[in-house]
1. State all residues of segment 1-17 that are surrounded by 11 or more Cβ atoms within 10 Å (Cβ to Cβ), in a loop (DSSP other than H, G, I, E, B) and at pLDDT 85 or above; if no residue qualifies, say none.
2. Mind checking whether some residue in segment 63-71 is modelled with pLDDT under 90 and either surrounded by 14 or more Cβ atoms within 10 Å (Cβ to Cβ) or of a type outside the set (A, V, I, L, M) (or both)?
3. L85 - would you say it is farther than 19 Å from D123 by Cβ, of a type outside the set (D, E, K, R) and buried (at least 20 other Cβ atoms within 10 Å of the Cβ)?
4. Output the number of residues of segment 137-157 satisfying the condition of being among the hydrophobic types (A, V, I, L, M, F, W, C), within 22 Å of S60 (Cα to Cα) and touching an Asp or Glu at 6+ places or on another chain (Cβ under 8 Å).
5. Quickly run through segment 132-167 and pick out the residues that are among the small types (G, A, S) and either in contact with a Gly (Cβ under 8 Å, 6 or more places away or on another chain) or in a helix (DSSP H, G or I) (or both).
6. Collect the residues in segment 132-167 that are under 15 Å from the mean Cα position of the chain (by Cα) and of a type in the set (V, I, T), keeping them in residue-number order.
7. Criterion first (acidic (D, E), in a loop (DSSP other than H, G, I, E, B) and in contact with a strand residue (DSSP E or B) (Cβ under 9 Å, 6 or more places away or on another chain)) does D129 satisfy it?
Amino acid sequence: MPSTKPVVKCRFVLFGGARTFDTLIGPEAATQTFKRGDILGFTSGKLRCNVSAAANLDSSGDEVAGVALRDASGTTDADVPYVPLDTNVGLVLPVTHATPASAVTAVTQRGSTFCLERTAAGDWSVPIDDTSNPVCEIRDIDPTYAVGEQYGLVHIKIIAAERAVAA
């Protein structure tokens, strides 16, 4: 298994017997630079990237709308296709930790809530050392990695209170 965090921009996982996910279109907010696979929220009804690189997405900011399916155009009100992160759609992301040796998956993480991290490179992960103001819940450990694997993958779901899309 890898000894460094894998680059995972976006991989979806379906919950509750869902077989497909919706694709919606919303207007782009002004001066956006998000990339395909970035997590988006709404500002005044328009889509924008919720968090800058090298920062955490937590419950103190915008609610989570979904994941961009294309790069920002830079044009206000341009159509942005996105996958809403609703009750049936989650993401597969690696775990991280301020102490790299502690960035390992554990069975006890199932059901625990955390923030999301947008790395300096613009990738997304679950910082398992940050439980303040959580936005996601770990639902399962991805079978790609054994439990206890450094930077292993987990299946996450945006918690209900942090979803901009209620369904």
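The values are calculated or read from the model by the stated rules, or taken from the named source; none is laboratory data. None of these values were measured; they are calculated from a predicted model. Note that we place each Cβ from the backbone using ideal geometry, even for glycine, and neighbour counts take in every protein chain shown.
1. Of everything in segment 1-17, those that are surrounded by 11 or more Cβ atoms within 10 Å (Cβ to Cβ), in a loop (DSSP other than H, G, I, E, B) and at pLDDT 85 or above turn out to be R11, F15.
2. Yes, segment 63-71 contains at least one residue that is modelled with pLDDT under 90 and either surrounded by 14 or more Cβ atoms within 10 Å (Cβ to Cβ) or of a type outside the set (A, V, I, L, M) (or both).
3. The answer is no for L85.
4. Going through segment 137-157 one residue at a time, the tally reaches 1.
5. A146, A160, A161, A164
6. Selection gives V135, I138, V154, I156, I158, I159, V165.
7. Criteria met by D129.
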